[in-house]
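Chemist: Before we start, here is the structure in question, set down as structure tokens.
The values are calculated or read from the model by the stated rules, or taken from the named source; none is laboratory data. In this text the structure is predicted, and so the values were computed from the model without any measurement. Here the Cβ positions follow ideal geometry from the backbone for every residue, glycine too, while neighbour counts run over all protein chains shown. Ligands, DNA and RNA are excluded from the accessible area calculation, which covers all protein heavy atoms including side chains. Shrake-Rupley method; radii C 1.70, N 1.55, O 1.52, S 1.80 Å.
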Amino acid sequence: MSPPLTPILSVAGLVKRFAVRGGTVQAVRGVSFTVGPGETVGLVGESGCGKSTLGKTVIRLLDPDEGTILLDGADISVLSRRALKPHRRRLQMIFQDPFASLNPRSTAGRIIEEPLIVHEVGAPAARKERVAWLMQRVGLRPEAAGRYPHEFSGGQRQRIGIARALAINPKLIICDEPVSALDVSVQAQVLNLLGEIQEEFGLSYLFISHDLSVVEHFADRILVMYLGHIVEAASRAEIWARPLHPYTRALIGAVPVPDPDAAGKRRKLTVEGEVPSSLNPPSGCSFHPRCPFAVEQCRREVPPLRAVGASGRLVACHLVEGDAGGAVRSPADAAG
């Protein structure tokens, strides 16, 4: 049996807070996870749960308040901007909005070339060749390098963002809702492109999305986030076949099913209300105000993220139980 591969990314106890009028927003609260070589880890949850903040903190667009971020074993959470620069070559990001993330005053070619300039990679002629190759690789005509972002469609703009992220050969790309702003027909094309370049370049992805149906077809493992916490972490197959946390069950139940007969047979777990404010989160389990199974312990105590079952999947729920034989009992099973 071969030893487990060392993670490309290892995050431990990550905390991010924002001081606002009236108090402190606790956007990310003690999050820990890893991303392995060539792996796609999906990060899912409702809007406002802290997904994008987590991604921006991992890449150090935001500074963490607590915790560690190990990139290839180096702790980048404590580095100054100057010391961080060489590490940024291994870690890049594709943003949600393919228009706002591109400089409207720069041409497509210049946008893609900029990381090469910043990191002093190659002579000008070699950089131009690299830009032309990247544009062609992501499905854009190299002769369009002189055009500006507003002259491209949304899908084409996102391809420019992908080419920019690839420019300096990173090992890990954080994809922050990369298809949510695109038409459905274009989403599939962009997802296929991301899959192709992952295999070609040996990339790892942290893929952030509110859409479980997208993550289902793209991720190897899935992290479910709620109000700054990871509440469940397991393989894609485990999450989809049998979600253990009630919140995960509710998310999957909200995914549309194309087959009306199958949709009618699926029993859903419905939760009411909105995600509570991060400014004043609930005591105990953050999900207890919306959980139909909550008991007094849920209101008092924060459930730890712990391994349950034979596979060692992680879940933060007082009511999920596992025995020595690997069997697991979950209140979410009552939903079907």
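Chemist: P(r) for the stretch 1-150, please, calculated from all Cα pair distances in 5 Å bins and given in %.
Modeler: Result returned by the calculation: 2, 8, 14, 16, 16, 15, 14, 9, 5, 1, 0.
Chemist: Would you mind telling me the share, in percent, of accessible area of the chain contributed by carbon and sulfur at probe 1.4 angstrom?
Modeler: Values: 8120 of 15690 Å².
Accessible surface attributable to carbon and sulfur in the chain totals 52 percent.
Chemist: Quickly estimate the mean residue ellipticity at 222 nm for the chain, helices only: each DSSP H run with n ≥ 4 gives -39500 (n - 2.57), and the total goes over all residues, rounded to 500. Numbers along the way, then the final one.
Modeler: On the way: 11 runs with 98 residues, N = 336.
Using -39500 (n - 2.57) per qualifying helix, the result is -8000 deg cm²/dmol.
Chemist: Sticking with this one: Output the peptides 155-162, 117-124 sorted from most to least packed, where packing is the average of other Cβ atoms within 10 Å over each peptide's residues. Don't skip to the end; give the middle numbers.
Modeler: Numbers: 155-162: 24.2, 117-124: 11.8.
Highest to lowest by the protection proxy: 155-162, 117-124.
Chemist: Compute the semi-axes of the equivalent ellipsoid of the stretch 96-169, taking the square root of 5 times each eigenvalue of the Cα gyration tensor, and list them largest first in whole Å.
Modeler: Working: eigenvalues 67, 30, 24 Å².
Three semi-axes, in Å: 18, 12, 11.
Chemist: Now for a different question. With θ taken as phi - 60° and the coefficients 6.51, -1.76 and 1.60, list the Karplus ³J(HN,Hα) couplings across the stretch 30-39 in order, rounded to whole Hz; mark glycine and proline as x.
Modeler: After applying 6.51 cos²θ - 1.76 cosθ + 1.60, I find x, 8, 9, 5, 10, 10, x, x, x, 9 Hz.
Chemist: Amide H to amide H under 5 Å from E66: which residues, 5+ apart in sequence or cross-chain, H placed 1.01 Å off N in plane?
Modeler: Distant-sequence amide H within range of E66: V15.
Chemist: List, in order, the whole-Hz ³J(HN,Hα) value for each residue of the stretch 204-215 obtained from phi through the Karplus relation with A = 6.51, B = -1.76, C = 1.60 and θ = phi - 60°; use x for Gly and Pro.
Modeler: Coupling constants for the stretch 204-215: 10, 10, 9, 9, 9, 7, 8, 9, 5, 5, 6, 5 Hz.
Chemist: Give me the percent of DSSP beta bridges within the chain that run antiparallel, rounded to the nearest 5. It would help to have the intermediate numbers written out before the result.
Modeler: Values: 30 of 48 bridges.
Close to 60 percent.
Chemist: Going by alpha carbons, how many degrees (0 to 90, nearest 10) lie between the helix axis of 154-166 and the longest principal axis of the chain?
Modeler: So the inclination is approximately 80 degrees.
Chemist: Could you sort the peptides 184-193, 167-176 by per-residue average Cβ neighbour count (10 Å cutoff), highest mean leading? Write out the running numbers ahead of the final one.
Modeler: On the way: 184-193: 14.9, 167-176: 21.7.
Top of the packing list down: 167-176, 184-193.
Chemist: List every residue whose amide H lies under 5 Å from the amide H of G48, counting only residues 5 or more places away in sequence or on a different chain, with H placed 1.01 Å from N in the peptide plane.
Modeler: none
Chemist: Now for a separate question. Quick one: work out the % antiparallel among DSSP beta bridges in the stretch 138-251, nearest 5. Don't skip to the answer; put the middle values down first.
Modeler: Numbers: 6 of 11 bridges.
Given both bridge residues lie in the stretch 138-251, the antiparallel proportion sits at roughly 55 percent.
Chemist: Follow-up. Might you tell me the accessible area per residue for the chain, computed with a 1.4 Å probe and given in Å²? Before the final figure, lay out each step's value.
Modeler: Values: 15690 Å² over 336 residues.
On a per-residue basis, the chain sits at 47 Å².
Chemist: Next up: What order, most packed first, do the peptides 24-37, 103-116 have when packing is the mean number of other Cβ atoms within 10 Å of each residue? Could you put the intermediate results ahead of the total?
Modeler: On the way: 24-37: 19.8, 103-116: 18.0.
Final packing ranking: 24-37, 103-116.
Chemist: To continue, here is another question. Where nothing but the Cβ of Lys and Arg (+1) and of Asp and Glu (-1) is charged, how large is the charge dipole of the chain around its Cα centre, in debye to the nearest 20?
Modeler: Here the size comes out at about 760 debye.
Chemist: Picking from S32, P86, V58, whose Cα lies most toward the positive end of the charge dipole for the stretch 1-99 (charges on Cβ: Lys, Arg +1; Asp, Glu -1)?
Modeler: Value computed over the given set: P86.
Chemist: Give me the compactness ratio for the stretch 1-84, meaning the Cα radius of gyration over 2.2 N^0.38 Å.
Modeler: Details: Rg = 14.1 Å, N = 84, 2.2 N^0.38 = 11.8 Å.
For the stretch 1-84, the normalised Cα radius of gyration is 1.19.
Chemist: Continuing with the same structure: Given Cα pairs under 8 Å that are at least 6 residues apart, what percent is the relative contact order of the chain? Can you show the working numbers first?
Modeler: Values: 632 pairs, mean separation 62.9, N = 336.
It comes to 19 percent, rounded to a whole number.
Chemist: I've got another one for you. Against the longest principal axis of the chain, how steep is helix 108-118, in degrees 0 to 90 to the nearest 10, with axes from Cα atoms?
Modeler: 90 degrees
Chemist: What's the local net charge at L61, with K and R +1, D and E -1, over the other residues with C-beta under 12 Å away? Let's see the in-between values first.
Modeler: Numbers: positive: K16, K56, R60, R81, R88; negative: D63, D176.
Summing Lys/Arg as +1 and Asp/Glu as -1 gives +3.
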